[in-house]
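Have a look at this one before I ask anything.
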Amino acid sequence: MNSNIACPTGNPATSNTITMFENTVNPVSIVISTPVTTVCSGTSITFIATPTNGGTTPGYQWKVNGLNTGANNSQFTYTSVNGDCISCILNSNLVCSSGNPATSNSICMTVNPTLPVSLTISVPSNIVCAGSQVTATATAINPGATPVYQWQVDGVNVGTNSNTYTFIPALSIQLSCILNSSALCASNNPATSNTITMTVNANMLVSVSISASTNPICSGIPVTYTATPTNGGTTPVYLWKVNGIIAGTNSTTYQYVPINGDLITCTLTSNLTCTTGNPATSNTITMGVATTPVVTFTRCNDSITTINAQLFRLKGGIPLGGTYSGSGVTNGIFYPALAGVGTHIITYTCTNATLCSASAIVTIVTRNALPLICGNPLTVTNGTN
């Protein structure tokens, strides 16, 4: 330095020497990361900041959707909602830095809702007959695209990976199913269904037998057939047939006049739930019908007599060999006094070799005694006065 003072000393004067040190300029940056960017609702996620040239005491300002949050820390734990975007600002304490403060990348979160998983199974009926095939159906909520079904009978794994299970229960069992859902963010997974108790009823053999009131029978006489059911239920249905043709009504009995050789059967349909041999066909009754004789009774005697008239032998019954009966008749002879006053029905009955009988009748009127003539009563004998 050259001074302009009038009387200087040490002029010009030389200063002290300063040795300069140049520090490198350090660019400041920050990157944030997280293990996953797609999470389920309610999941807590930790974000990690990785600084460059942050210095010894860097400052971190975390932001969610542009709003300050969190603490001054290189990590930030947060339960986000769908669409949240997280970033961080780094303040470096280095002397020589550029790009300070530095803003990180932004991570936007996809948050899926939680899907509760449940399973219900059903069958057409939990009471079945022995040997019946049953199909159970599983109805799932939030099963996902590739669910896994595991059916169980009395706790033992059965069936295949299907929402249906077809089986023949042999005993009374307990049926259930377990569902493993493939849906994202599934809760209550795997889910266990309700339990169905299957009741298996034994099958009852249905049968019916029929009987005839009389067999063989004489022609022209009605026969009553009776059906005796086994396991017919409360409202059985009876179908009677004669020679294969439907006859009669829905009843345990059927009555008609058969002819020789008629074949009688009955079919029973039971209304019980669990049966075998239903409908059941009865035994066959083959009717034996004998010819009944044609009997006539032509009066060969007067139809009017008196109680004091002579007895007379009855005649006029065809075919011969039959018997006469009625009031006042003994051994084919009519006794007026025995018959008494009144109108009497006299029957002629004939029984053939097949023991079939038929009858015909006439009437005889018996009046009071006639008056005496010359001391003798007037008699009527065999139609002659």
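Running Debye on the range 205-290 with equal point scatterers at the Cα sites and no solvent, what base-10 log of I(q)/I(0) appears at q = 0.13, 0.22, 0.24 Å⁻¹?
Scattering profile of the range 205-290, log10 relative to I(0): -0.39, -0.95, -1.08.
Principal axis lengths of the chain from Cα atoms, whole Å, largest first?
In descending order, the Cα extents are 231, 38, 28 Å.
Here is a further query. Could you work out the relative contact order of the chain, using alpha carbon pairs under 8 angstrom and six or more residues apart, expressed as a whole percent?
Relative contact order comes out at 9 percent.
Which whole-angstrom value gives the distance between the alpha carbon centres of the range 222-278 and the range 135-213?
Spelled out, the Cα-based centre of one part sits 41 Å from the other.
Taking the Cβ-Cβ separation of residue 3 and residue 52 as r and a Förster radius of 45 Å, what is the calculated FRET efficiency to the nearest 0.05?
Efficiency computed from Cβ-Cβ geometry: 0.30.
Let me ask something else. Please compute the volume of the convex hull spanned by the alpha-carbon atoms of the range 115-201 and report it per residue in Å³.
72
Let me ask another. HN-Hα J couplings of the range 240-248 from phi, Karplus 6.51/-1.76/1.60, θ = phi - 60°, integer Hz, Gly and Pro as x?
So the Karplus estimates, Gly and Pro as x, are 8, 9, 10, 6, x, 9, 4, 8, x Hz.
Still on this structure: Suppose R0 equals 30 Å. What FRET efficiency, 1/(1 + (r/R0)^6) with r the Cβ-Cβ distance, do residue 367 and residue 325 give to the nearest 0.05?
0.85
Take the alpha-carbon centre of the range 55-122, take the same for the range 279-336, and report the distance between them in whole Å.
124
To continue, here is another question. Could you calculate the FRET efficiency of residue 205 with residue 257 from 1/(1 + (r/R0)^6), where r is the beta carbon distance between them and R0 is 41 Å, rounded to 0.05? Mind showing how you got there, number by number?
Values: r = 34 Å, r/R0 = 0.83.
E(calc), rounded to 0.05, equals 0.75.
Here's another thing I want to ask about it. So how do 134-142, 193-201 stack up, highest first, on mean other-Cβ count within 10 Å?
Top of the packing list down: 134-142, 193-201.
Sort 176-185, 63-72, 37-46 for me by packing, meaning the mean count of neighbouring Cβ atoms within 10 Å per residue, highest on top. Working shown, then result.
Details: 176-185: 19.7, 63-72: 12.4, 37-46: 14.1.
Put in order of decreasing packing, that is 176-185, 37-46, 63-72.
Would you mind checking the range 34-51 for residues with the amide N under 19 Å from a putative spin-label position 7 Å along Cα→C-beta of residue 69?
Zone members listed by number: 34-50.
Just how large is the dipole of the chain about the Cα centre, in debye to the nearest 20, putting +1 at every Lys and Arg Cβ and -1 at every Asp and Glu Cβ?
Dipole of the chain, to the nearest 20 debye: 1520 debye.
None of the figures in this text is laboratory data; all of them are computed from the coordinates on show. All values reported here derive from a predicted model rather than from experimental measurement. Ideal geometry is used to build each Cβ from the backbone, glycine not excepted, and the neighbour counts take in all protein chains shown.
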